[in-house]
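Worksheet for the structure shown next.
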Amino acid sequence: MKNEWKESLAKKYIKEYQLKKVSKDLALRIYSTHLLGNNPELVLHGGGNTSVKSIKKNLFGKENDVLFVKGSGWDMSNLNERGLPGLYLDPLLKTLSLKKMSDEKMVNYLRSNLLDSNSPNPSIETLLHAYLPFKYVDHTHSNAILSLVNLDNSKEILNKIYKDKIAIVPYVMPGFELAKLCHMVISKNHKIEGLILLNHGIFTFGSSAKQSYDRMIKLVTLAENFLNKQKKLIKYNNNNNNKKINIADVQLCIRNIYHSFTDKRWIIKFNDKIEDVKFTNRKDLFNLFNKGPVTPDHVIRIKSEPLIIPNKHLSSNKMISNHIKTYIKKYKNYFKKYKKNITNSKIADPLPRIIILEGIGFLSIGLNKKEMQVSYDIFDAMKKVIIKANLVSKFKSINNTDIFKMEYWPLERAKLNNQNTKKFSGNIAVITGGAGKIGSAIANKFINENIEVILLDKNFKNLDINIKKKCLCIECDLTNNSQINKALNKILKLFGGIDILIANSGAAFQGSMLNVKKDILEKSLEVNFYSHHNIVQKIANIMVSQGFGGSISLNLSKQSINPGKDFGPYGIAKASSLFSMKQYALEFGKYNIRVNGINADRIKSGLLTDQFIKERAKARNMSSTEYLNNNLLQKQVTAEDVAEAFFAQLSFEKTTGNIITVDGGNIEASLR
């Protein structure tokens with residue numbers, strides 16, 4: 001493992017944090033924490049923790065020994081000084097005299113000794129950090145270490161690799177008891193460079209941030225070198241059923257099942273990189289991943305084991321459903337059997353977060369894109385750890401009682417329960433014409449509502465960079481059927497379904513009906529009618545397959561109701577879209593797919609440019625300003641106003657075939 005410490009960067013941290021009145025000790029703690037946190041082979045998604053012991057003056061100017069330790073659940077890759085709450089050290093050390101301390105009392109005691117009462121909860125391993133007699137302490141869940149601490153003969157292997165460099169600590173659940181045990185172990189030998197906790201991870205320490213970090217890299221590298229020398233013949237299957245399997249159908253089937261159990265929309269991503277497929281062809285696949293987690297910290301994210309569906313069953317929705325139901329039943333029995341270990345525990349949803357598709361790849365699952373990515377990252381680490389472990393010996397996790405205690409430990413559940421969700425969190429929305437002003441305004445509104453947004457457009461050169469970072473942007477010409485299919489296949493692979501379609505794309509075509517050319521009419525119909533029909537039809541079929549409905553909204557334009565002079569080519573196509581919207585509503589209602597429209601008028605956008613506004617204003621004998629404000633409210637309507645209307649339609653769960661007019665008031669264009 002490469003040592004990333006750079007003295008120049010360490011000095012930069014010291015200088016930058018000095019401006020925020022943060023001490024050198026803490027600045028270097030933040031720097032080395034970032035180094036650890038940005039290495040996925042060491043730390044993932046809020047895991048691991050670090051600390052530094054320092055001195056700080058209190059309100060009366062008296063110097064006190066203090067401990068800065070990572071806040072519970074904070075991400076080591078990007079935390080700042082707020083993510084390392086400070087505590088008075090002496091009161092923490094006094095707890096060494098206690099024989100027992102409940103979790104509730106420990107949490108309360110830690111909070112009562114914070115330097116700042118507004119600080120986040122300190123790590124559940126704070127006392128362990130406090131008891132270790134070193135200035136800097138680092139803790140990670142290194143993949144290489146985890147491959148060695150989950151074996152039948154872990155102690156023998158670890159002693160062979162490290163000799164007297166480390167001490168080995170048997171598995172004990174994090175908290176007061178583990179802290180006391182580690183203190184007892186370290187008291188016997190202060191010269192060791194680290195503690196390796198069986199079935200858990202590794203601690204290193206030192207008198208400086210660099211020394212503690214260097215030791216972490218060195219000890220992990222020794223583990224990696226040992227693992228890289230291990231060789232074993234692996235036998236693989238040749239699955240001949242793959243051509244019969246449509247992965248999109250599998251994803252849609254599973255998304256339907258998950259919705260039926262939770263009434264929520266799930267992100268289900270298909271992973272088929274070379275390494276994601278190769279391991280699923282192993283002959284020992286079904287024996288590899290049913291032994292429990294590689295570290296207890298992972299169990300709250302992806303449960304103790306994935307679901308594996310045999311290749312021969314992947315072409316049958318009924319068999320897929322049966323496997324998920326069996327997993328659910330098994331999980332409920334597990335909860336029922338072990339719930340006595342945690343007082344007042346309430347069962348979490350029993351659905352797997354990882355589903356391995358034998359011979360094809362695997363699905364990573366979450367209630368939103370972030371959760372799905374967490375599932376992927378943690379399982380990716382898990383499979384690497386288990387595969388490497390089995391090169392050395394036989395993988396062995398903690399027992400089910402300890403797994404349950406960790407999964408339902410209130411201090412761990414709190415990391416999940418603090419997540420804020422909105423009504424449409426996890427819904428997957430496709431917005432056409434996504435790079436334009438109206439499209440990007442809709443995207444921005446949806447993003448703020450925690451909706452997963454995919455934008456389709458011919459190019460994204462002018463799209464705001466902040467929106468672009470938060471969306472999946474796919475270049476797609478909606479008049480090209482193959483491009484639409486390619487885009488939708490990509491969306492299904494990455495998300496597993498579609499819940500919302502905003503058919504917003506379009507282009508303005510002018511001309512007097514007295515002399516308009518046929519090709520202009522055809523082009524307008526191609527862009528403003530057929531392209532909408534193409535995308536609506538295909539996404540409606542996806543929604544039908546999902547089986548739990550969806551929302552489709554079309555940007556129809558006031559021109560579909562109230563024609564403007566010399567604007568016939570555009571209006572005819574838009575009027576056709578309005579009729580088709582009603583027809584879709586009529587035919588899709590039985591599938592709980594709602595189809596509605598927005599009639600917007602005079603919105604500055606890629607379609608209604610400054611030059612185009614001048615032309616339309618001239619056609620009505622007005623100035624540009626008069627044209628934009630020419631409505632009953634005498635107010636200019638913006639792209640953001642249109643976005644609010646599209647969002648409002650999502651909430652109208654019993655409304656279909658409806659049109660919302662967004663034009664400041666135009667009686668001629670108003671509907672019943």
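In percent, how large is the relative contact order of the chain, given Cα pairs closer than 8 Å and 6 or more residues apart? Walk me through the intermediate numbers first.
Working: 1217 pairs, mean separation 64.3, N = 672.
Over the chain, the number comes to 10 percent.
Under 5 Å between amide H atoms, partner at least 5 residues away or on a different chain: which partners does GLY86 have, H built in plane at 1.01 Å?
Long-range HN contacts for GLY86: LEU115, ASP116.
Find, among the trypsin sites (Lys or Arg not before Pro) in the stretch 470-576, those assigned to loop by DSSP (not H, G, I, E, B) with at most 12 other beta-carbon atoms within 10 angstrom. All intermediate terms of the calculation are to be shown ahead of the outcome.
Details: sites: LYS470, LYS486, LYS490, LYS493, LYS517, LYS518, LYS523, LYS538, LYS558, LYS565, LYS574; in loops: LYS517, LYS565.
The qualifying sites are LYS517, LYS565.
State whether the stretch 161-261 is rounded, prolate or oblate according to the following rule on the C-alpha gyration tensor (a ≥ b ≥ c being the square roots of its eigenvalues): a/c under 1.5 gives rounded; otherwise a/b larger than b/c gives prolate, and the remaining case gives oblate.
On the way: a/c = 3.21, a/b = 1.98, b/c = 1.62.
It comes out prolate by the Cα gyration axes.
Calculate the all-directions average of the projected area of the stretch 385-541's alpha-carbon convex hull, and give it in nm².
Details: hull surface 60.5 nm².
With the hull built on Cα positions only, its mean projection is 15.1 nm².
Under a 1.4 Å probe, what is the accessible area of the chain per residue, stated in Å²?
Details: 30820 Å² over 672 residues.
Averaged over the residues of the chain, the accessible area is 46 Å².
Tabulate in residue order the Karplus-calculated ³J(HN,Hα) for the stretch 505-519, using 6.51 cos²θ - 1.76 cosθ + 1.60 with θ = phi - 60°, rounded to whole Hz; enter x for Gly and Pro.
Calculated HN-Hα couplings, in order: 5, x, 8, 8, 10, 10, x, 6, 5, 5, 9, 5, 7, 4, 5 Hz.
In the stretch 173-257, what percent of the accessible surface is made up of carbon and sulfur (1.4 Å probe, ligands and nucleic acids excluded)?
On the way: 1960 of 3990 Å².
In the stretch 173-257, the share of accessible area belonging to carbon and sulfur is 49 percent.
How large is ³J(HN,Hα) for each residue in the stretch 210-227, as worked out from phi by the Karplus curve 6.51 cos²θ - 1.76 cosθ + 1.60 (θ = phi - 60°), to whole Hz, x for Gly and Pro?
Rounded to whole hertz, the list is 5, 5, 5, 5, 4, 5, 4, 5, 5, 5, 5, 4, 4, 5, 4, 4, 5, 5.
Can you work out the base-10 log of I(q)/I(0) for the chain at q = 0.11 1/Å, using the Debye formula on its C-alpha atoms alone?
Results for the chain at q = 0.11 Å⁻¹ read -1.10.
How would GLU104, GLU16 rank on accessible area, largest to smallest, probe 1.4 Å?
Numbers: GLU104 130, GLU16 95 Å².
Per-residue accessible area, sorted high to low, gives GLU104, GLU16.
Jot down the radius of gyration and Dmax of the stretch 1-152, Cα atoms only, both in angstrom.
In Å, with Rg to one decimal and Dmax whole: 16.0, 55.
Per residue, how big is the convex hull of the stretch 518-622 when only Cα atoms are used? Give it in Å³.
Values: hull volume 10.5 nm³, N = 105.
Here the figure is 100 Å³ per residue.
Compute and list, largest first, the equivalent-ellipsoid semi-axes of the stretch 297-444 from the alpha carbon gyration tensor, each √(5λ) rounded to a whole angstrom.
Working: eigenvalues 189, 97, 57 Å².
That gives 31, 22, 17 Å for the three semi-axes.
Among residues other than GLU615 whose Cβ falls under 15 Å from its Cβ, what is the net charge (Lys/Arg +1, Asp/Glu -1)?
Details: positive: LYS565, ARG602, LYS604, LYS614, ARG616, LYS618, ARG620; negative: ASP566, ASP610, GLU626.
For residues surrounding GLU615, the net value is +4.
Bin by bin, in steps of 10 Å, what percent of the Cα pairs in the stretch 508-553 do you find, going until the bin that has the longest distance?
Each 10 Å bin holds this share of Cα pairs: 24, 34, 21, 16, 5.
Taking the Kirkwood radius as the inverse of the mean 1/r across Cα pairs, report the Rg/Rh of the stretch 1-58. Walk me through the intermediate numbers first.
Working: Rg = 12.6 Å, Rh = 12.5 Å.
So for the stretch 1-58, dividing Rg by the Kirkwood Rh gives 1.01.
P(r) for the stretch 290-334: what percent of alpha-carbon pairs falls in each 10 Å bin, starting at zero?
Binned Cα distances yield the sequence 25, 45, 27, 4.
Which percent of Cα pairs goes in each bin when the distances of the stretch 613-672 are cut into 10 angstrom slices starting at zero?
Each 10 Å bin holds this share of Cα pairs: 20, 42, 28, 9, 1.
Just to make sure I understand: if all protein chains stay in place, what is the order of GLU449, GLU475 by accessible area at 1.4 Å, largest first?
Working: GLU449 40, GLU475 125 Å².
Ranked list, largest accessible area first: GLU475, GLU449.
Rg(Cα) of the stretch 459-591 divided by 2.2 N^0.38 Å?
1.16
Using the Karplus equation 6.51 cos²θ - 1.76 cosθ + 1.60 (θ = phi - 60°), what ³J(HN,Hα) coupling, rounded to whole Hz, does each residue of the stretch 569-577 give in order, writing x for Gly and Pro?
With coefficients 6.51, -1.76 and 1.60, one gets x, 6, x, 4, 5, 5, 5, 5, 5 Hz.
If you take the Cα Rg of the stretch 291-373 and divide it by 2.2 N^0.38 Å, with N the number of residues, what do you get? Walk me through the intermediate numbers first.
Details: Rg = 13.9 Å, N = 83, 2.2 N^0.38 = 11.8 Å.
Expressed relative to 2.2 N^0.38 Å, the Cα Rg reads 1.18.
Could you tell me which of the pairs LYS318/LYS590; LYS62/LYS165; LYS422/LYS470; LYS160/LYS278 are separated by over 29 angstrom between their Cα atoms in the structure shown?
Values: LYS318/LYS590 23 Å; LYS62/LYS165 38 Å; LYS422/LYS470 17 Å; LYS160/LYS278 31 Å.
Exceeds cut-off: LYS62/LYS165; LYS160/LYS278.
Which far-off residues, 5 or more places away or on another chain, put their amide H under 5 Å from the one on GLY511, with H placed in the peptide plane?
Amide H to amide H, under 5 Å and 5 or more residues apart or across chains, GLY511 pairs with PHE567, GLY568.
Report the accessible area of HIS323, computed with a 1.4 Å probe over the heavy atoms of all protein chains in place, in Å² rounded to the nearest 10.
40
Using alpha-carbon pairs under 8 Å, 6+ residues apart, how would you state the relative contact order of the stretch 1-92 in percent? Could the numbers behind the result be given before it?
Working: 122 pairs, mean separation 22.2, N = 92.
Answer for the stretch 1-92 is 24 percent.
Considering only DSSP beta bridges with both partners in the stretch 140-224, what is the antiparallel share in %, to the nearest 5? Can you show the working numbers first?
On the way: 5 of 9 bridges.
Antiparallel: roughly 55 percent of the beta bridges in the stretch 140-224.
What's log10 of I(q)/I(0) for the stretch 450-513 at q = 0.23, 0.27, 0.29, 0.30 Å⁻¹, Debye sum over Cα points only, no solvent?
Taking Cα atoms of the stretch 450-513 as identical point scatterers yields -1.13, -1.40, -1.48, -1.50.
By per-residue mean of other Cβ atoms within 10 Å, what is the highest-first order of 494-501, 382-389, 266-273, 137-144?
Details: 494-501: 25.4, 382-389: 21.6, 266-273: 19.9, 137-144: 27.0.
Descending mean neighbour count gives 137-144, 494-501, 382-389, 266-273.
Take ARG413, ARG255 and sort them by solvent-accessible surface of the protein heavy atoms, 1.4 Å probe, largest at the top. Mind showing how you got there, number by number?
On the way: ARG413 45, ARG255 0 Å².
So, going from the largest accessible area down, we get ARG413, ARG255.
Average the reciprocal distances over every distinct pair of alpha-carbons in the stretch 245-335, invert the result, and give the Kirkwood radius in Å. Each step should come with its number before you reach the end.
On the way: mean 1/r = 0.0680 Å⁻¹.
Here the Kirkwood hydrodynamic radius works out to 14.7 Å.
In a solvent-free Debye calculation with one equal scatterer on each Cα, what is log10 I(q)/I(0) for the stretch 68-199 at q = 0.11, 0.15, 0.19 Å⁻¹, listed in the order of the q values?
Those come out to -0.43, -0.78, -1.16, one per q.
Could you state the per residue volume, in Å³, of the convex hull enclosing the Cα atoms of the stretch 147-209?
97
Of the listed peptides 90-103, 70-83, 202-215, what is their order by residue-averaged count of other C-beta atoms within 10 Å, with the highest listed first?
Top to bottom by mean Cβ count within 10 Å: 202-215, 70-83, 90-103.
Per DSSP helix of 4 or more residues, -39500 (n - 2.57); summed, then divided by the residues of the chain. What does that give at 222 nm, rounded to the nearest 500? Spell out each step's value before the answer.
Values: 26 runs with 293 residues, N = 672.
Mean residue ellipticity at 222 nm (helix-derived): -13500 deg cm²/dmol.
How big is the gap, in Å, between the Cα center of the stretch 560-578 and the Cα center of the stretch 375-424?
57
Given H placed on each backbone N at 1.01 Å, which residues far from VAL595 in sequence or on other chains put an amide H within less than 5 Å of it?
ILE552, GLY657
The values are calculated or read from the model by the stated rules, or taken from the named source; none is laboratory data. If you're wondering where the values come from, they're calculated on a predicted model, not measured in any experiment. Cβ atoms come from the backbone with ideal geometry, glycine included; neighbour counts cover every protein chain shown. All accessible areas refer to the heavy atoms of the entire protein, side chains included, with ligands and DNA or RNA removed. Shrake-Rupley method; radii C 1.70, N 1.55, O 1.52, S 1.80 Å.
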